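Peer 1: Here's a structure for you.
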Amino acid sequence: MKKLEIKNVLFSMRTAENEEIINNLLGKIDLLSEEKIQDILRQVGDNEESIRSYLQEKINSTQGPHETHTKINKMFSYGISGNTIHLHMPVDLHDMFAKMGISKTMNTVNLYLLDAIDRIRMMQAEGFYKFIDKDAIYMISPILFKRELKFLNTLDFKTQIYKSQELQDEQFVSEHLEAQLATKIFGSNKDVGTAIIGLDTINSNEWQEKKSKQIKIFNEKGIKLLDEGKSVENNSK
């Protein structure tokens, strides 16, 4: 791909929320030599999908910490960054751990995650203006680690772990945009996990079946939503 093609991809990602960031990135691309452009392409992949993912990470790393959070259920809130809906996970779960234990707490968090995803899916289907033209759900959190990423992987999320040792390595952070975002939000003393899934995936019949099976497993373990309102089971019908 050439510089103009990359700029056209970036133009296509412009929204009212990220316009200033996009303009800044366009200016930076203009200053890059074709040789430097080719170096970047060799690292990230010389195709539109890879470039779009790379540019989205650039947007996220700039915009993420300044998002406005909107509550979507008792445990999760969301923010908008470019074409991505960021789900923000609860960080302080000490009270739940003490009352329910680690396993039941994390299963409850995962059930609320499925509920939040289903609410987003329905709101987008109903034309909610903030979710128009959004194409993925993204999460970044110290909670996303080991067993939680395993759970998300079974639901087709693409996941990544950044160890605290890596986040304390300036060179590593400078070379990984998600690591930069992690240190901006959480500092460098915690392991941080990330996960992303396309909205087209969660709208598929196959994914909805996976979700329903997982809800059944939670329900059989006695895991229920703690707040009032329709459950994801009812919402998905």
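Quick note: the coordinates plus some simple rules give every number you see, no bench work behind them. Keep in mind it's a predicted model, so treat the numbers as computed, not measured. In this analysis, Cβ positions are derived from the backbone assuming ideal geometry, glycine residues included, and neighbour counts consider all displayed protein chains.
Peer 1: Let me know the longest stretch in the chain that avoids all GluC sites (Glu not before Pro) found in a DSSP loop with at most 14 other C-beta atoms within 10 Å.
Peer 2: With a cap of 14 other Cβ atoms within 10 Å, the longest stretch comes to 1-125.
Peer 1: Excluding same-chain residues fewer than 8 positions from residue 190, which lysines have a Cα within less than 20 Å of its Cα?
Peer 2: 146, 150, 163
Peer 1: Nearest 500 deg cm²/dmol is fine: what mean residue ellipticity at 222 nm does the chain get from its DSSP H runs of n ≥ 4 alone, each adding -39,500 (n - 2.57), divided by its residue count? It would help to have the intermediate numbers written out before the result.
Peer 2: Numbers: 13 runs with 133 residues, N = 237.
Computed ellipticity for the chain at 222 nm equals -16500 deg cm²/dmol.
Peer 1: On to the next question. For residue 20 and residue 69, FRET efficiency with R0 = 22 Å and r from the beta-carbon atoms, rounded to 0.05? It would help to have the intermediate numbers written out before the result.
Peer 2: Details: r = 20 Å, r/R0 = 0.91.
Between residue 69 and residue 20 the formula returns 0.65.
Peer 1: With θ taken as phi - 60° and the coefficients 6.51, -1.76 and 1.60, list the Karplus ³J(HN,Hα) couplings across the stretch 156-166 in order, rounded to whole Hz; mark glycine and proline as x.
Peer 2: 3J(HN,Hα) across the stretch 156-166, in whole Hz: 6, 6, 8, 10, 8, 10, 10, 6, 4, 4, 5.
Peer 1: Here is a follow-up. Could you name the aspartates and glutamates in cross-link range of residue 224, using Cα to Cα under 17 Å and dropping any fewer than eight places away on the same chain?
Peer 2: 115, 118, 233
Peer 1: In debye, nearest 20: dipole of the chain around its Cα centre with unit charges on the Cβ of K, R (+) and D, E (-)?
Peer 2: Numbers: 32 positive and 35 negative charges, 182 e Å.
The dipole of the chain has a size of about 880 debye.
Peer 1: For a Förster distance of 25 Å, can you work out the FRET efficiency between the beta-carbons of residue 102 and residue 212, rounded to the nearest 0.05?
Peer 2: Details: r = 25 Å, r/R0 = 1.01.
In this case the efficiency is close to 0.50.
Peer 1: To continue, here is another question. Taking the Cβ-Cβ separation of residue 94 and residue 40 as r and a Förster radius of 41 Å, what is the calculated FRET efficiency to the nearest 0.05?
Peer 2: According to the calculation, E is roughly 0.45.
Peer 1: For residue 191, enumerate residues with amide H under 5 Å from its amide H, sequence gap 5+ or separate chain, H modeled in the peptide plane.
Peer 2: Amide H neighbours of residue 191, under 5 Å, 5+ apart: 164.
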